[in-house]
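Here the structure is laid out as structure tokens; the discussion comes afterwards.
The values are calculated or read from the model by the stated rules, or taken from the named source; none is laboratory data. Note that this is a predicted model, so its numbers are computed, not measured. Every residue, glycine as well, gets a Cβ built from its backbone with ideal geometry; the counts of neighbours run over all protein chains shown.
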Amino acid sequence: MTSPWHNTTHDWLREVDVDHLERIRRMPTEFAPSGALHLVLEVLAQAADEAAIPGHGRAVVTLHPDGSLSIADDGRGTDTRVDAEGRTVRKPVMATTDLRFFDHPAPPHLPDGHLRRGLSVVAALSEWLVHTNHRGNGSWTQRYERGIPVTDLVPIPSPPTRTGTTVHFLPDPALARVEPAAIPATFGPQLEIELRAGR
């Protein structure tokens, strides 16, 4: 049972909020005004949050030939917990409201000058998204299509000392594409960003 779990950024009792995702999809120019660049910045903002805890961190942004992008960071990884039935439950960061930003009267701005809303914007405005997680209690991957999870958490080999998150997504083709020069070299004082071209 997850009800005693404290909600900080997301509601642990809700795995998917279909209405929330539909709202984002109906208004892409409101939630991603700079196009796919805004999606990249939403993911980098999450990586910067992780980097703030130790005071430094690194993220690699890869532009793939198929138009997809992947962002890998070296943070703690997305929080996962085990419920009373022994099932692994991950914090629903991709498919539900980020309680810190969505509908908040004054959410922070991202480097493109537009409001931060959370990772659900990235998932909802991508044809597909694959979330891969490495955390102290194990590693897994999960695929989403238009924000809806289409697989369960799939366990993957867990490197003994690695933690971090990789978000690989194909932005909606209606969104403006990312210009490599628009991707910052840093995000705040704590996150260093490396840009790569995928093969």
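Of note:
- Qualifying residue in segment 45-67 (condition: assigned to a loop (DSSP other than H, G, I, E, B), free of Cβ contacts under 8 Å to residues at least 12 places away in the same chain and farther than 17 Å from F187 by Cα): no
- E42, sole failed condition from (1) out of contact with any Lys or Arg (no Cβ under 7 Å at 6 or more places or on another chain); (2) crowded, with 19+ Cβ neighbours inside 10 Å; (3) at pLDDT 95 or above; (4) charged (D, E, K, R): (1)
- So D98, is it under 18 Å from R25 (Cβ atoms) and either surrounded by fewer than 16 Cβ atoms within 10 Å (Cβ to Cβ) or among the acidic types (D, E) (or both): yes
- The residues of segment 140-168 that are without any contact (Cβ under 8 Å) to a residue 60 or more places away in the chain, touching a Lys or Arg at 6+ places or on another chain (Cβ under 8 Å) and surrounded by 14 or more Cβ atoms within 10 Å (Cβ to Cβ) amount to a single one, Q142.
- Residues being of a type outside the set (K, R), exposed (fewer than 14 other Cβ atoms within 10 Å of the Cβ) and either at pLDDT 95 or above or assigned to a loop (DSSP other than H, G, I, E, B) (or both) - total across segment 68-95: 4
- Matching residues in segment 111-132 - criterion: being in contact with a strand residue (DSSP E or B) (Cβ under 9 Å, 6 or more places away or on another chain) and part of a loop (DSSP other than H, G, I, E, B): P111, R116, L125
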